[in-house]
Each structure stands twice: as C-alpha cells, then as structure tokens.
Amino acid sequence: MMAALQAWLESVEELLRFLKLDTGEVVRIGLRVLVIWLLAWVGLRALAVVARRIVRSVDDGDDTVLSHREKRGQTVAALIRSVGRVLVFLIALLLTLNIFIEIGPLLAGAGVAGLAISFGAQSLVKDLIAGFFILFEDQFTVGDNVELAGKSGKVERLTLRAAVIRDLDGVLHTIPNGSIQMVSNKTRGWSRSVIEVGVAYATDVDQALSVFRDESLALARDPEWKSLVEEGGEPDVLGIERLDDSAVVIRVAIRVTPGNQWKVAREFRRRIKKRLDREGIEIPFPQRTVHLRDGRPAG
C-alpha cells in the first residue's frame, strides 16, 4: 500500500516538473478554483433564497384560491431558478478555464461560432424572444387555464423556450413559444359560467324565467358557493336564446372568480334540473314518431 502511494506521489511530481509547476503554484491554482466554485455555490443558494422570498411576498395566505399575483410570482421564481442556474454555472466554468488558458481568443471564436449557429437555430432564437415577451407582457402564468396552438389545458411550467400544459385527459403538451400565435386565457381577471337549458314549448315561458332567476340567485347567495361568485356580480338570466326544434333554450350567465366557471356551471345544472322537476317543467329530449303500415287496403 505504501509502495503504491509512493509511486503515485512520484508520478505527480514528475507531471509537475513536466508542466514546469511547483507545488506552491499548484496549491494556489487549486485554491482559486475552489474559491470560484464556492462562490458559484453561494450564488445558487442566493438565487434559491430570492426565489423563495418572491413566492412568500405574493402569498396572500389563502390556499383555496391561487390569485393571479401568486401565479405570476411562482412563474418568475421558477424562471430565476432555471436561468440563474445556467448563468452561474457558465460563469464559473469560464473563470475556471481562464486560470489555465487565455479565454479571450476562445470567447472571440465562440462569438463567431455562435453567430453561425444562430443562423441554423433561428427557431430556437424565435422561441426565446417569444418567451421573453410572454413573461414581460404577462400573457399567462403557471396555473392558468389557456388555449395555445390548438391545445387547451392548465399551464404546469413556463420557460423562455416553451410552455408545458396538461389537458383534461391528463396529456402533457410541450409547446414552443415561437409557435404560439394567439393566447386564449380562460382564468384571467374573472370568468363567466354560461349555461343553456331547454324547456318544452308547452311551458309558460315567464314562469320558467322566474324559476331560473330564483335558482341562480339562490346559488349566488349560498354560503358554500358565494365565495366562487364574483363580488357584486349578480347572475344574469339573459332570456330565451333560441327556439330549437324541440325546445325553448334559456341562457343564464354567472360571473365567477377565475377558473371556477366549470364548477359553478355544473352545480347550477344540478340545481335547475331538480327545481324544474319539482315545478313540473319538462326538459325535452329528441323523440321520434314511427307510423307502421301493414300493407292492407283501407277498409
């Protein structure tokens, strides 16, 4: 064991003599490298602290509803972590290389190579620029329900290059930012539940409208549901929307907090179905009348 260690030390000394380095210089170089990567580690920890403070600063204490301010804070914090990690690592790597070689010509060559690569990676540059403007203009954030490039779902991750959304079936879609031509944000500011229910033509329309108004107000004032209805937003029974083949269609619009339009709409349909049953108002369904002939002459 001692013989192997002695042989290893001799080989190291031989290498140092070949490189014309003395032990003191090696120690100085090692300390400089150590300091660089220690500072890089401190930088990463600082980025993590900044990201956590951003998340805490936008937290309103209500875990039941994720506000737009909270969503934006979480998105910015995630971006700081991802982009900051890459920048810190790149700077530490360049400083380490600068200890051993002159990186000025290397950076100049990298600039020329980067220019050449940029012409071949125009889509990537387009994605990064589009991602910057998406974040700068606050078009959507993590947690929003959006429609992008023909796909609808909830935003799970947003970077400068791509947006990742999960649809209702659980499928995860990664959409490059450069391919996003239009953003339809379904959870920004406020939302609206629009419900259409058909009643039979024989129904007293005024009675039906009265039932719809009564039931929508009951939902909006229910202690369990009123927190989901936009403050000051009284339900609006818009009236008869259209006359279908077998039904008179009545439309109701309820202004709700962002992202709760589907939940409120499902609850109103449940309530109005039970109420119409109690009132004896028919909800029609397609029916077909079949006439049978036996082929015998009349009489």
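Please treat every number below as a calculation from the coordinates, not as lab data. The structure presented is a predicted model; accordingly, all values stated were derived computationally and were not measured. Positions of Cβ are generated from backbone atoms using ideal geometry, with glycine treated the same way; all protein chains shown enter the neighbour counts.
Sorted by mean Cβ packing within 10 Å, highest first, what order do the peptides 219-227, 149-157 take?
Peptide ranking by packing, descending: 149-157, 219-227.
How many angstrom separate the Cα center of the stretch 179-230 from the Cα center of the stretch 263-282?
12
Return the distance in nm (one decimal) between the two label points of a simple spin-label model at residue 39 and residue 226, each offset 7 Å from Cα along Cα→Cβ.
With each label point 7 Å from Cα toward Cβ, the separation is 6.0 nm.
Here are some pairs, 71/274; 226/274; 154/274; 151/263; which of them have Cα atoms lying more than 29 Å apart in this structure?
Details: 71/274 37 Å; 226/274 20 Å; 154/274 32 Å; 151/263 21 Å.
Pairs exceeding 29 Å: 71/274; 154/274.
Compare the peptides 188-198, 169-179 by average per-residue count of other Cβ atoms within 10 angstrom and give them in order, highest first.
Per-residue mean Cβ counts within 10 Å order the peptides as 188-198, 169-179.
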